[in-house]
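*Asks:* Have a look at the structure that comes next, please.
The values are calculated or read from the model by the stated rules, or taken from the named source; none is laboratory data. From a predicted model like this one, the values you see are computed outputs, not experimental measurements. Methodologically, a virtual Cβ is constructed for each residue, glycine included, from the backbone with ideal geometry; neighbour enumeration extends over all protein chains shown.
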Amino acid sequence: MASSAHPAARLAALYAAARAARPRAYAPYSRFHVGAAVLDERGRVHAGCNVENAAYPQGLCAEASALAAMVLAGGRRARAVAVAAALSASGELTTPCGGCRQKIAEFAAPDCEVHVLGPRGMRRVFMLGELLPFGFGEGHLPAQRGAKAPPAIDAKSTTEPLSQAAPAARPSAARRRRG
Ligand SMILES: [Zn+2]
């Protein structure tokens, strides 16, 4: 997570984070490494990489893990997204999969920019609305009476020392007492 003030610097940080995340991907099955980064409403950048699983559908896309990092840090809006991957066999840029377009849309407006990076700096910028036209959102759900948006999480709350938590019971001691 990082933040910079100038828009160009923010974009550079976003690209750098997506590129740096890519080699960290866990992709032993597809060997298709993807890095992603999200710029949140406070100008902070959160990165993620794909995490595959032997049970294939349980794998996680880079965009999804970047969004999870954003939420964990207290971010609630994606202002821009960057995705870094190899080109396809036919030389096309790798855009977010359908599921990730939907996941991004949960936190972003249709004019959110999705920057698709190639291995040699080649890139194209899409609007999220281009990638996910006629998308489904909370506006499609019936209004929930009394429903209230959950409060934004203060990033500080995620850094409280674990030592403040109650010490866990030691199972061996408990067993001894019972015996
Ligand atoms: Zn995806």
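*Asks:* Among the residues of region 118-143, write down those that are within 16 Å of the ligand (Cβ to nearest atom) and modelled with pLDDT of 95 or more.
*Replies:* 126, 128, 131, 132
*Asks:* So which residues in region 44-89 are over 18 Å from residue 131 (Cβ atoms), part of a loop (DSSP other than H, G, I, E, B) and touching a residue at least 40 places away in the same chain (Cβ under 8 Å), if there are any at all?
*Replies:* 73, 74, 76, 86
*Asks:* Same structure again: So residue 51 clears everything in (1) among the β-branched types (Val, Ile, Thr); (2) within 12 Å of the ligand (Cβ to nearest atom); (3) closer than 17 Å to residue 113 by Cβ except one condition, right? Which one?
*Replies:* Single failed check for residue 51: (3).
*Asks:* Tally up the residues in region 56-103 that are at pLDDT below 95, surrounded by 15 or more Cβ atoms within 10 Å (Cβ to Cβ) and away from the ligand (no atom under 15 Å from the Cβ), please.
*Replies:* Counting residues in region 56-103 that are at pLDDT below 95, surrounded by 15 or more Cβ atoms within 10 Å (Cβ to Cβ) and away from the ligand (no atom under 15 Å from the Cβ) gives 0.
*Asks:* So residue 173 fits all but one of (1) at pLDDT below 95; (2) part of a loop (DSSP other than H, G, I, E, B); (3) more than 18 Å from the chain's Cα centre (by Cα); what number is the exception?
*Replies:* Residue 173 satisfies all of (1) at pLDDT below 95; (2) part of a loop (DSSP other than H, G, I, E, B); (3) more than 18 Å from the chain's Cα centre (by Cα) except (2).
*Asks:* Determine whether residue 147 is at pLDDT 85 or above and not β-branched (Val, Ile, Thr).
*Replies:* Criteria not met by residue 147.
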